[in-house]
């Protein structure tokens, strides 16, 4: 197991050690096996997300602690860090470092995008990350922009830019890396679900990309159909309804 790095602030170091000890106690072999099947690296205790949330609630507001937890490289601690961290307090440099460190899709496609969306740098970084040759970083970019769509009023979105991305996806998704295909498909769904003025555009993009093939490893997970998912959102009268909190 990767050791917790030393830090200058003694109180933070002790707190990190205590949290890591608690995470280790809550981990299980079965959850480690499940996470491994979903592509997680071995640096983890195997703590269920449901068990992380009560811990996050206790640590709320401890920004420095969140940063230290992420730096441990332990998957459970990194996920917990994202739940605790306030993205509005993170610099662009810190967010870019998080994206670089995030090698597991549960971190790169959820934790980092959630925190980046809370910051004032989310859209800029999303556009930059999308162009990365590193699969996890590019996927992080698409996932970040998808989160932004769900949490931002349409009046504050660059609709022309989003429309151009919808046009780009059908022509590039076939040759994109595995997890990038998954998040591109997610972007189409997010646009259709949350950006009412671009509903027709997202439906057109969904029709063009059709069934998206993604290697989901040895799991039962499936790639959602963009067309069918958007249709379900329409049927439930949920189109354009924004989220108050992107973290879950």
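Computed from the coordinates by the stated procedures, all read-outs in this text should not be read as laboratory data. Bear in mind that the values here come from a model prediction, so they are computed numbers and not experimental data. Heads up, the Cβs are rebuilt from the backbone with ideal geometry, glycines too, and the neighbour counts pull from every protein chain shown.
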So, in Å, what gap is there between the alpha-carbon centers of region 39-69 and region 129-163? 25 Å
Once the principal axes of the Cα atoms of region 206-248 are found, what is the range along each, listed largest first in whole angstroms? 33, 28, 15
Per-selection Rg to Rh, the chain - Cα, Kirkwood hydrodynamic radius: 0.98
So for the chain, averaging the separation of alpha carbon pairs under 8 Å that are six or more residues apart and normalising by length, what relative contact order in percent results? 14 percent
Share of alpha-carbon pairs per 10 Å distance bin for region 39-174, given as whole %: 12, 42, 32, 12, 1
In deg cm²/dmol, rounded to the nearest 500, the helical mean residue ellipticity at 222 nm of the chain, built from -39500 (n - 2.57) for every DSSP H run of length 4 or more, is -18500 deg cm²/dmol
Would you please put 221-230, 182-191, 64-73 in order of how densely packed they are, using the mean number of other Cβ atoms within 10 angstrom per residue and starting with the highest? 182-191, 64-73, 221-230
Kirkwood Rh over alpha-carbon pairs of region 128-237, then Stokes-Einstein at 4 °C and 1.567 mPa s: what D in µm² s⁻¹, rounded to an integer? 93 µm²/s
For helix 92-101, report the angle its Cα long axis makes with the longest principal axis of the Cα atoms of the chain; keep it between 0 and 90° and round to the nearest 10°. 80 degrees
Against the longest principal axis of the chain, how steep is helix 199-209, in degrees 0 to 90 to the nearest 10, with axes from Cα atoms? 80 degrees
By how many nm would the segment from residue 244 to residue 134 grow when fully extended, if each residue of separation counts as 0.36 nm and the alpha-carbon distance is taken off? 36.5 nm
How many angstrom lie between the C-alpha centres of region 82-118 and region 176-225? 22 Å
Quick check: the angle from helix 49-59's long axis to the longest principal axis of the chain, C-alpha only, nearest 10 degrees? 60 degrees
If R₀ is 41 angstrom, what is the calculated FRET efficiency for the pair residue 175 and residue 64, using the beta carbon separation as r and rounding to 0.05? 0.45
